[in-house]
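The values are calculated or read from the model by the stated rules, or taken from the named source; none is laboratory data. Because the structure is a prediction, the values reported are computed rather than measured. All Cβ positions, glycine included, derive from the backbone under ideal geometry; neighbour counts span all protein chains shown.
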Amino acid sequence: MKPRIFPWFSYTFIIVGSIVMVFPFLDMLFSSFKGAAEYNNIHYTLLPEQFQWDNYANAIEKLNLGLLFKNSIVKSVSTTVLVLLTSAMGGYALTKLRFKGRNLIFRFVLSTMMFPAFLFLIPNFYIMVHFPLAGGNDLFGEGGYGGLAATPLALILPFAVSAFGIFLMRQFIMGINDAYIEAARLDGASELRIFFQLVLPMTGPALATLAIFEFIGSWNEFIWSLLMYSVNQDLATLPVGVQMLKSHLDPALTQPLVMAALVVSTLPILIVFVFLQKYYVRGMMNSGMK
């Protein structure tokens, strides 16, 4: 009886769990087509009585969605590319290069993961404001009008290096046979050529895994983006814009518009995950993080 009952029980459990997980997203999608009165109706219905297609047009107009979407794309893509590059280079150096203090540096990198992110808000803001030779600053970061704090670089540079990314790439690169690297060195290849032409192509699954983590994390990041928004409102991202819409207008009237904006902001994350999910599973298995 066990071979017959257990699979059906497992399938039923998975199906029910999937419905529970998907339901909030369906509610968000269908709520974005409801009118304000229908959304606030005490009698809940999943499907709208009449689809309000102009909710998306109103959300784009009230939120300046084009600017928010552009800022979020620039921030997320740039941060992800920089993290992939710095993490792969750091993982390669801490795995395949022999030098004194290598293990000590790796332990130091791991120790930074113990500190909460908000602990670095004030130091990072100070660095952006007093960045040398930027925004009118002199060599010592003084005398200017904000340094990099009012530029798009302020959204990117504080997140260009990831301790978790270095750890993940190191674990994956450890599985690459040293014979390939030694053979390339005997052939006269430089370390940069070995890294970019030999090691980096082998780390595709780990890079895809890290890209998913970093893109989603950067896309949803709110606190630092809100801080930069207080300096320059043209740097607002989608999470900040949605929150500003909820704060400055009547929530009873704007909630369907907020739902429409959330649907738009969720689409890039879904697209990235759908295209990279098979590499994500392979990367997690091959990097010792089952």
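Checked against the criterion of being closer than 30 Å to residue 226 by Cα and more than 27 Å from the chain's Cα centre (by Cα), the range 149-164 has no qualifying residue.
For the range 252-274, a residue qualifies if it is surrounded by 13 or more Cβ atoms within 10 Å (Cβ to Cβ), modelled with pLDDT under 80 and under 20 Å from the mean Cα position of the chain (by Cα), and the qualifying residues are 272, 273. Among residues that are farther than 30 Å from residue 213 by Cα, buried (at least 20 other Cβ atoms within 10 Å of the Cβ) and among the polar types (S, T, N, Q), residue 40 is not included.
Residues considered: 179, 206. Of these, the only one that is closer than 21 Å to residue 274 by Cα, in a helix (DSSP H, G or I) and either modelled with pLDDT under 90 or within 21 Å of the chain's Cα centre (by Cα) (or both) is 206. Could you list all residues from the range 124-146 that are polar (S, T, N, Q) and assigned to a helix (DSSP H, G or I)? 124 - this is the single residue of the range 124-146 that is polar (S, T, N, Q) and assigned to a helix (DSSP H, G or I).
Yes or no: the range 59-74 includes at least one residue that is part of a helix (DSSP H, G or I) and within 27 Å of residue 196 (Cβ to Cβ). Yes, some residue in the range 59-74 is part of a helix (DSSP H, G or I) and within 27 Å of residue 196 (Cβ to Cβ). For residue 119, the criteria (1) at pLDDT 90 or above; (2) surrounded by fewer than 11 Cβ atoms within 10 Å (Cβ to Cβ); (3) of a type in the set (A, V, I, L, M) hold in every case but one, which is (1). Looking at the range 140-150, can you tell me whether even one residue there is aromatic (Phe, Trp, Tyr), surrounded by fewer than 16 Cβ atoms within 10 Å (Cβ to Cβ) and at pLDDT below 90? Checked against the condition, which is being aromatic (Phe, Trp, Tyr), surrounded by fewer than 16 Cβ atoms within 10 Å (Cβ to Cβ) and at pLDDT below 90, the range 140-150 yields at least one hit. Looking only at residues of the range 159-173 that are of a type in the set (A, V, I, L, M) and outside any helix (DSSP H, G or I), we find that the one that is surrounded by the most Cβ atoms within 10 Å (Cβ to Cβ) is 161.
Taking the stated definitions as given, is residue 265 out of contact with any Lys or Arg (no Cβ under 8 Å at 6 or more places or on another chain) and without any contact (Cβ under 8 Å) to a residue 12 or more places away in the chain? Can you show your working first?
Details: out of contact with any Lys or Arg (no Cβ under 8 Å at 6 or more places or on another chain): yes; without any contact (Cβ under 8 Å) to a residue 12 or more places away in the chain: no.
It is false that residue 265 is out of contact with any Lys or Arg (no Cβ under 8 Å at 6 or more places or on another chain) and without any contact (Cβ under 8 Å) to a residue 12 or more places away in the chain.
Test residue 61 against the stated conditions and say whether it is farther than 23 Å from residue 160 by Cβ, at pLDDT 80 or above and not polar (S, T, N, Q).
Working: farther than 23 Å from residue 160 by Cβ: yes; at pLDDT 80 or above: no; not polar (S, T, N, Q): yes.
So residue 61 does not fit the description; no.
Against the numbered list (1) of a type in the set (A, V, I, L, M); (2) more than 21 Å from residue 93 (Cβ to Cβ); (3) surrounded by fewer than 18 Cβ atoms within 10 Å (Cβ to Cβ), residue 176 comes up short only at (2).
Mind telling me which of the residues 109, 83 ends up being touching an Asp or Glu at 6+ places or on another chain (Cβ under 6 Å), in a helix (DSSP H, G or I) and touching a residue at least 40 places away in the same chain (Cβ under 8 Å)? Break it down into steps so the answer makes sense when it comes.
Numbers: 109 fails: touching an Asp or Glu at 6+ places or on another chain (Cβ under 6 Å).
The unique qualifying residue is 83.
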